[in-house]
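Trainee: Once you've had a glance at the structure underneath, I'll fire off some questions.
The values are calculated or read from the model by the stated rules, or taken from the named source; none is laboratory data. Everything numeric in this text was worked out from a predicted model, so none of it was measured. We place every Cβ from the backbone using ideal geometry, glycine too, and count neighbours over all the protein chains shown.
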Amino acid sequence: MIDRAGLADFLRRRRAALQPEDFGIVRGARRRTSGLRREEVAQLCTMSVDYYTKLERGRGPRPSEQMVASIARGLRLSVDERAHLFRLAGLNAPLRGPDGSQLSPGLRHVVDRIGDVPAEISTELGETLYQSPLHVALTGDRTSYRGPARSVGYRWFVDPATRQLYAREDHVFLTRVFVSGLRQVATLRGPGSRAAYFVELLLDQSEEFRQVWHRHEVAIPPLVKRLVHPQVGALELNYQSLADPERHHRLSVYTAVRGTESSERLQRLMALVPSPGSR
């Protein structure tokens with residue numbers, strides 16, 4: 001059963017605890033609300049102000065799983081807070097584990113704060129969960145894929161268009177990177193895991209994958225990525241990542257050495273990113 005009073009109280013208190021600056025919202029001189037306004041939270045949660053207001057007042061229909069998940073993302077809830085929100089709504093909390101897609105509020109906050117470099121949050125299988133605007137401009141929107149195609153490592157072997165972004169002379173090396181990375185995850189997660197399922201799919205669908213898989217290479221790190229962007233040209237970018245051990249996600253950041261042609265081209269690409277107000 002839904003706990004309407006508990007749900008309403010939790011939403012009000014979470015909204016009051018959030019600061020507008022954390023979401024890139026300018027705090028005006030006449031602002032009286034200590035936390036976020038209802039209309040701001042509704043926008044973050046991609047729902048109408050009227051619907052969200054009813055929830056805070058303990059009214060309206062019970063929210064669906066999709067709606068509760070949207071609220072959890074918008075309010076940047078932790079894993080425990082998200083599970084609590086689901087229980088208040090009378091729903092089963094999503095299972096925890098390496099296959100989850102619940103973003104870490106901390107990692108998402110970092111991405112939102114570093115808008116001048118390409119950054120993304122992805123699963124251990126290379127499924128993009130969140131991108132900075134500059135990363136979208138660099139690689140395209142990678143969050144719209146469904147099924148196994150969500151994984152860039154899977155797309156590398158079944159969708160030739162995936163390789164167009166990367167320098168041709170690096171394709172053989174990147175093939176080894178993707179295969180060795182998938183082997184490492186599949187070994188870690190074991191039979192019956194999604195990683196093992198991806199291995200089965202690719203062994204069946206790609207001769208190239210089969211040949212490299214049988215080399216039994218493990219953990220080949222891509223420290224530099226050379227990309228070919230259709231508007232600004234070739235870029236050589238350093239690659240660094242930060243792991244979230246609780247969710248098995250990683251934050252990847254791409255930077256160019258100052259003063260190089262790649263740095264100048266990255267600046268040109270940044271000028272093509274639409275401002276928030278023009279989207």
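Trainee: Which count do you get for residues in segment 215-229 that are touching a residue at least 40 places away in the same chain (Cβ under 8 Å) and closer than 19 Å to GLN164 by Cα?
Mentor: Number satisfying all stated conditions: 6.
Trainee: So if I check each of ALA195, ALA243, which one is at pLDDT below 95, hydrophobic (A, V, I, L, M, F, W, C) and surrounded by 15 or more Cβ atoms within 10 Å (Cβ to Cβ)?
Mentor: ALA195
Trainee: Look through GLY24, GLY35 and report the one residue that is at pLDDT below 90, under 26 Å from the mean Cα position of the chain (by Cα) and surrounded by fewer than 15 Cβ atoms within 10 Å (Cβ to Cβ).
Mentor: GLY24
Trainee: While we're here: Considering segment 169-192 alone, what residues qualify as being in contact with an Asp or Glu (Cβ under 8 Å, 6 or more places away or on another chain) and crowded, with 18+ Cβ neighbours inside 10 Å?
Mentor: Answer for segment 169-192, where residues must be in contact with an Asp or Glu (Cβ under 8 Å, 6 or more places away or on another chain) and crowded, with 18+ Cβ neighbours inside 10 Å: THR175, VAL179, SER180, ARG183, VAL185.
Trainee: Quick one: in segment 201-214, which of the residues that are surrounded by 11 or more Cβ atoms within 10 Å (Cβ to Cβ) and without any contact (Cβ under 8 Å) to a residue 40 or more places away in the chain is nearest to SER263 (Cα to Cα)?
Mentor: Applying the filter and picking the extreme gives VAL212.
Trainee: Considering only segment 115-147, state which residues are of a type in the set (S, T, N, Q) and in contact with a strand residue (DSSP E or B) (Cβ under 7 Å, 6 or more places away or on another chain).
Mentor: Within segment 115-147, SER122, THR123, THR128, GLN131, SER132, THR143 qualify.
Trainee: Is it the case that some residue within segment 231-240 is among the charged types (D, E, K, R), in a helix (DSSP H, G or I), touching a helix residue (DSSP H, G or I) at 6+ places or on another chain (Cβ under 9 Å) and in contact (Cβ under 8 Å) with a residue 12 or more places away in the chain?
Mentor: Taking every residue of segment 231-240 in turn, none turns out to be among the charged types (D, E, K, R), in a helix (DSSP H, G or I), touching a helix residue (DSSP H, G or I) at 6+ places or on another chain (Cβ under 9 Å) and in contact (Cβ under 8 Å) with a residue 12 or more places away in the chain.
Trainee: If you don't mind, there's one more thing I want to ask. May I ask you to verify whether THR53 is of a type outside the set (D, E, K, R), over 30 Å from ARG268 (Cβ atoms) and assigned to a loop (DSSP other than H, G, I, E, B)?
Mentor: no
Trainee: Of everything in segment 1-30 that's part of a helix (DSSP H, G or I) and of a type in the set (Lys, Arg), which residue is nearest to ASN92 (Cα to Cα)?
Mentor: Ranking the candidates gives ARG4 first.
Trainee: List, please: which pairs have Cβ atoms under 6 Å, are six or more places apart or on different chains, and start with a residue in segment 17-37 that is assigned by TED's automatic domain parsing to the domain that holds SER132 and of a type outside the set (A, V, I, L, M) and end with one that is at pLDDT 75 or above and exposed (fewer than 10 other Cβ atoms within 10 Å of the Cβ)?
Mentor: none
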